[in-house]
Amino acid sequence: MAELLEMKEAIVSYLDRSGGLLQFVDDCKLYNDSAQSEAVYRFCIHVNPTDLIELDARLADCLLHDPFKATALFQSVCFLSIKTLSLIEKIHTENQVNVVLKLTHLPPFPEYFLDLCKFPRGYGPMRPVAMEGLTIAMTRITKYTQGARFLCTDDKCPFSRGFHHIRVHSPGATESVTVRGGFTCALCSAPLKEDVKFRVLGDKQLVEMVPAQALDVLSVHPPCSFRYQSVTLFLRDELCNSMRMGRLYRVVGIPAHVHQWPNITWSVEANTVEPWTPEYPSLVSSNFQALLAASACSTWRFSAILANTFGSPVIPPGLYSTLKLVLLLSLVQTSEDDPDSLNYLDVFALTNDTLIIERLMTYSLGLASRGIRHQVTGELFVSLSRDEHGTGAANVHAGSALLASGGVCLLGDLASYRKDKMEALQSALETRTAALFIPGKKYGEDVDQQLSFPIQCNFWALCDITTGAKRSLNSDSAVLGSALLAHARGLRVELSPEAEKLIHGYYMASRRVRSDSTQGSSLPVASIRHLISLAEAHSKLSLRRVVLEEDAVVAVLLCENSVTLKHGASALVIPPDALFPCDLHDLDSLRRRDLTLEQLHQQILQFVYAYAPGAASYITEE
């Protein structure tokens, strides 16, 4: 008894020091101002286990190994505070105080980490553990019972009134455990009945998570004997909509065995959720640093050497150099830690040798921070099924494009895709979203719903040039054509005024020369975004933090070749091999390439002066 009293005193001290007591008082004011009376009142209290260990080791041990007992101690302290300070007049018994302890983190020891690749055996204690993984599916938000009031059916019993019998949801409990018939009075053993008008409802969402290693199965790595199974997370109340499909998260939760006769399912009640980014080596080797220093005399040489030798295990150096450069640019324009900031750079290659190009793309995909190879028979965007945990809600599953968030989705040869799949892909490329229709009647809802999911990956595809005219993408975002890459991906670049002026000048001139009075310009507005993305990618690949005018020149040359292939030549005549006019085998060939690119740079400037009025006022004449 004395030990419990000491731990309660430690709780009061902790809440006072951490500011949790002031937050608790503010939460009580919100409940007190409400005119509605409820069976239970929910309070979320954030607890830092490390701080608690310094204050009272016994209390911290109780929190980490017997969270239900710790919650009861916090509940007792909160109820005493409410009554002592007269915070909520509508609370009459301790049972009405529903305390949820939110752990800010767990100690960094193996016993507090649950490896999703090693399924736990046996029941074990229900205590908080941390886990990391990828979200692959989630349901819509449904309701569950936070708490309910029950009254004794014997009118003479004191428990036939008041708030003596309160049922509150606990981790791992099903709805039937919280609210059902068959409860009896603790005082007189008479049956209990629920006072429905006092039932308190909350939000619930189910999420399926797999270990991040499961992405290897969907990438280009050789098949293995491992199989990965998803773990179901229950998100409740403020945690709903805190996770997005295709993203990585670190979750602190309490594993629970859910009994639904005759089956027993294993799930996790999420306690806290935060985004997680794996750590990749991003140090540039001494050899690459020496190469960067040796090629510093030209802003174009370092990226040219990389592209020339890239993919040598599958293609000899010097072949498909332009395509290899574009693949490298697309690789550095990926961001797994922040997919929302991704500047999309899709790659669509027309070729008469699909075998070699697909082999090159497959090799390149293995260097992406996250690479997914889409199977034609699989789902590309999202699919729908009924939840298997008894909620009856719609369960949305992520397809290859969502699983590749922040990375690259390899589509392969588009000649094998049906017309409806091509139309869906075309729509996704234009809007960068995937739509999903949910019929309400089928999933227990009154109305139908249309959901939209952001597509945040780069697409790679190829097609045989003999059939490409009929089956290829009609996309204006298409471009023709591990530690170094990890470092380049992490660079935050800034667009210089000179590069910005050249890009805008070329864009204005191109729209003018490729327009007519009936159909307008054939160059879409989105092209300027792709030009900037290309220039930024070339700057990253060259390990620079500022986008120079020379980077903009590379972007213009790539874009002009792509637009020429689709819409025909313009006044700016660029050779197909503009970026690699000669074989790069010695220092002299690198110098000749620099001279050729400088001549093309001058041609671009002359094109801008001639067809973009006013350009001369903001571009310095050279």
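The values are calculated or read from the model by the stated rules, or taken from the named source; none is laboratory data. Here the structure is a predicted model, which is why all the values come from computation and not from measurement. As a convention, Cβ positions derive from the backbone with ideal geometry for all residues, glycine included, and neighbour counts pool all protein chains shown. Note: areas computed on protein heavy atoms with side chains; ligands, DNA, RNA excluded. Shrake-Rupley method; radii C 1.70, N 1.55, O 1.52, S 1.80 Å.
Are any residues in the range 309-325 closer than 11 Å to Leu579 by Cα and not hydroxyl-bearing (Ser, Thr, Tyr), and if so, which ones? Hits for the range 309-325 are Leu323, Leu325. Set side by side, the residues Val273, Val284, Val268 differ, and just one is surrounded by 12 or more Cβ atoms within 10 Å (Cβ to Cβ), part of a loop (DSSP other than H, G, I, E, B) and either in contact with a Pro (Cβ under 8 Å, 6 or more places away or on another chain) or not polar (S, T, N, Q) (or both), which is Val284. With respect to Ser364, is the statement that it is in a loop (DSSP other than H, G, I, E, B), under 25 Å from Leu329 (Cβ atoms), modelled with pLDDT of 80 or more and of a type in the set (Gly, Ala, Ser) true? No, not satisfied. The residues on offer are Leu523, Leu502, Leu534, and the sole one that is of a type outside the set (Val, Ile, Thr), open to solvent by less than 10 Å² (accessible area, probe 1.4 Å) and under 19 Å from Thr322 (Cα atoms) is Leu534. Criterion first (assigned to a loop (DSSP other than H, G, I, E, B), open to solvent by less than 20 Å² (accessible area, probe 1.4 Å) and modelled with pLDDT of 90 or more) does Met243 satisfy it? Criteria met by Met243. Taken as a whole, the condition of being within 13 Å of Trp300 (Cα to Cα) and either at pLDDT 85 or above or among the aromatic types (Phe, Trp, Tyr) (or both) applies to Val554. Take the residues of the range 17-50 that are part of a strand (DSSP E or B) and not aromatic (Phe, Trp, Tyr): which is farthest from Ile88 (Cα to Cα)? By that ranking, first place goes to Val47.
Quick one: which of Ala435, Ala398, Ala368 is more than 18 Å from Val347 (Cα to Cα) and buried (at least 20 other Cβ atoms within 10 Å of the Cβ)?
On the way: Ala435 fails: buried (at least 20 other Cβ atoms within 10 Å of the Cβ); Ala368 fails: more than 18 Å from Val347 (Cα to Cα).
Step by step, each of Ala435, Ala398, Ala368 is checked, and only Ala398 is more than 18 Å from Val347 (Cα to Cα) and buried (at least 20 other Cβ atoms within 10 Å of the Cβ).
Would you list the strands (runs of 3 or more DSSP E) that sit entirely within the range 126-227 and hold 3 or more residues that are open to solvent by less than 60 Å² (accessible area, probe 1.4 Å)? Show your work before the answer.
Numbers: elements: 129-139, 142-152, 165-168, 192-194, 200-210.
It comes to 129-139, 142-152, 165-168, 200-210.
In a residue-by-residue description of the range 323-346, the property of being open to solvent by 10 Å² or more (accessible area, probe 1.4 Å) and among the β-branched types (Val, Ile, Thr) applies to no position.
Restricted to the range 584-601, and to residues there that are outside any helix (DSSP H, G or I) and loosely packed, with under 14 Cβ neighbours inside 10 Å, the residue that is modelled with the highest pLDDT is Asp586. Scanning the range 290-304 for residues that are farther than 18 Å from Leu579 by Cβ and surrounded by 15 or more Cβ atoms within 10 Å (Cβ to Cβ) gives Leu291, Leu292.
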